[in-house]
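Peer 1: Quick one: this structure, given as C-alpha cells, is what I'll be asking you about.
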Amino acid sequence: MSEEVSRNINIKEPRWDQGTFTGRAKHFFMVTDPRNVLLSSETLEEARVTVENYRAGIVKPGLTEDELWRAKYIYDSAFHPDTGEKMFVIGRMSAQVPMNMSITGCMLTFYRTTPAVVFWQWVNQSFNAIVNYTNRSGDAPITVNQLGAAYVSATTGAVVTALGLKSLATRLPPIISRFVPFAAVAAANCINIPFMRQRELKYGIPVTDENGNRLGESPNAARQAIVQVVVSRIGMAMPAMAIPPVIMNALEKRAFMKRFPILNAPVQVGLVGLCLVFATPLCCALFPQKSSMSVSGLEEDLQERIRKTSPHITTVYFNKGL
C-alpha cells in the first residue's frame with residue numbers, strides 16, 4: 001500500500017531532475033503520452049482540482065504520492081503552464097503522435113503531384129500553427145487579427161517553400177525526392193514558429209527568478225526560446241520523415257507491395273507513428289522547458305531594472321514553450 005502523500009512535494013516542478021536529459025525524457029514521455037488525449041473532461045477537471053488544491057495546501061484524504069504525480073501529469077498535458085487555460089485538444093503535445101503520424105504518413109505517401117504537395121503541406125502547417133499557438137510561451141493575449149495574419153504568413157511561406165523544393169527534386173533520384181517533405185517541413189518550421197509567436201518577439205516573454213517571481217518581459221528570451229523550439233521540432237520530424245522513406249523505398253520493390261499497393265499508406269503511417277512515439281518526447285527533452293539565460297543577455301533596460309531591485313540575481317528563467 002502506498003503511504004499518504006507528503007505535504008511538501010513541489011509539484012510546480014517535474015518529478016524528475018530537469019538538469020539531465022534522462023530526467024527531461026521521463027518527464028516528456030508522461031506529458032506527450034497519446035493516451036492523455038482520450039481522458040474525459042471530468043478526469044481533467046479532477047486532476048486540475050487535485051493539483052490546485054495541493055498547491056494551496058489542501059490535500060484530499062487518502063491521496064497518495066503516485067496519485068498526486070499522476071494528477072500533475074494529466075494537468076500538465078492539458079492545461080497551459082502560464083495561463084492555466086485548458087488547451088485545444090489537437091494542440092496538446094499528447095496529440096502530436098496520432099495527429100502527426102496521420103498527416104506525415106500522407107505527406108510521405110502523396111508527394112508526387114503538386115496539388116497533393118500543396119494540400120498536405122497546408123494541412124500540416126495549419127496543424128502546426130494550432131500547436132505553436134497552443135504551446136506558446138507567456139500569458140499575454142493575442143488578437144484575432146494578429147492570429148489570422150500569423151497563420152496566413154506561416155502557412156503561405158511553408159507551402160511556397162515546399163513547392164520550391166519539389167521543383168528542385170524533379171532533377172534528383174527518386175530516393176532523394178522522398179526526402180523533399182522533410183526538407184519542406186524543416187524549412188517551414190523556421191517560418192511557422194516565429195510567425196505564430198511573433199508577438200513574443202515584439203513584446204517579450206515573462207522572465208522570473210528561480211522562485212518564479214516575475215521580473216519583466218524579454219524579447220531576447222523569446223528569441224532563445226523560439227530557436228530552441230525550432231531545433232526540437234525539426235529533430236522531432238527527422239526520424240519520422242527520414243527513416244520511413246528508406247524502408248518504403250525497399251518495400252515497394254517487393255512483389256507483395258506491388259501486388260497490394262493499397263497497403264502503402266497504412267504501412268507508411270504505421271512506421272511514422274512508431275518513430276514519433278519516441279522522437280516526440282526525446283526531442284522535447286533536448287532543452288529544459290523552464291529555460292534560463294544570464295541577466296547580461298537581457299535588454300539593457302531590463303538588466304538595469306533587475307540590478308536595482310534584485311542585484312543578487314545573475315540568471316533568469318522562462319517557459320520556452322513547446
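The values are calculated or read from the model by the stated rules, or taken from the named source; none is laboratory data. Because the structure is predicted, anything quoted here is derived from the model rather than measured. Every residue, glycine as well, gets a Cβ built from its backbone with ideal geometry; the counts of neighbours run over all protein chains shown. We work out accessible area using only protein heavy atoms, side chains counted, and drop any ligands, DNA or RNA first. Shrake-Rupley method; radii C 1.70, N 1.55, O 1.52, S 1.80 Å.
Peer 1: Quick one: is residue 253 of a type in the set (D, E, K, R), within 18 Å of residue 110 (Cα to Cα) and in contact with an Asp or Glu (Cβ under 9 Å, 6 or more places away or on another chain)?
Peer 2: Criteria not met by residue 253.
Peer 1: I want to confirm something. Restricting to segment 40-58 and keeping residues that are among the hydrophobic types (A, V, I, L, M, F, W, C) and in a helix (DSSP H, G or I), which single residue is farthest from residue 212 (Cα to Cα)?
Peer 2: Checked segment 40-58; the qualifying residue farthest from residue 212 (Cα to Cα) is 44.
Peer 1: Among (1) more than 30 Å from residue 55 (Cα to Cα); (2) of a type in the set (D, E, K, R); (3) modelled with pLDDT of 75 or more; (4) open to solvent by less than 50 Å² (accessible area, probe 1.4 Å), which single condition is residue 199 missing?
Peer 2: All conditions are met except number (4).
Peer 1: Another one. Of all residues in segment 102-115, how many are aliphatic (A, V, I, L, M) and modelled with pLDDT under 80?
Peer 2: Here the count works out to 2.
Peer 1: Out of the helices (runs of 4 or more DSSP H) lying entirely within segment 63-145, which hold 2 or more residues that are more than 22 Å from residue 288 (Cα to Cα), open to solvent by 30 Å² or more (accessible area, probe 1.4 Å) and of a type in the set (D, E, K, R)?
Peer 2: 65-78
Peer 1: Of everything in segment 47-62, what is open to solvent by 30 Å² or more (accessible area, probe 1.4 Å) and either within 23 Å of the chain's Cα centre (by Cα) or of a type outside the set (D, E, K, R) (or both)? Give them in sequence order.
Peer 2: Just the residues of segment 47-62 that are open to solvent by 30 Å² or more (accessible area, probe 1.4 Å), to begin with: 48-49, 52-53, 55-58, 60-62.
48, 49, 53, 56, 57, 58, 61, 62, listed by residue number.
Peer 1: If you don't mind, another one. If residue 13 meets every condition in (1) at pLDDT below 85; (2) more than 20 Å from residue 292 (Cβ to Cβ); (3) out of contact with any helix residue (DSSP H, G or I) (no Cβ under 8 Å at 6 or more places or on another chain) apart from one, which number is that one?
Peer 2: Here residue 13 meets the rest and fails (2).
Peer 1: Does segment 24-46 include one or more residues that are open to solvent by less than 20 Å² (accessible area, probe 1.4 Å) and more than 19 Å from residue 135 (Cβ to Cβ)?
Peer 2: Within segment 24-46 (the criterion being open to solvent by less than 20 Å² (accessible area, probe 1.4 Å) and more than 19 Å from residue 135 (Cβ to Cβ)), the answer is no, since none of the residues qualifies.
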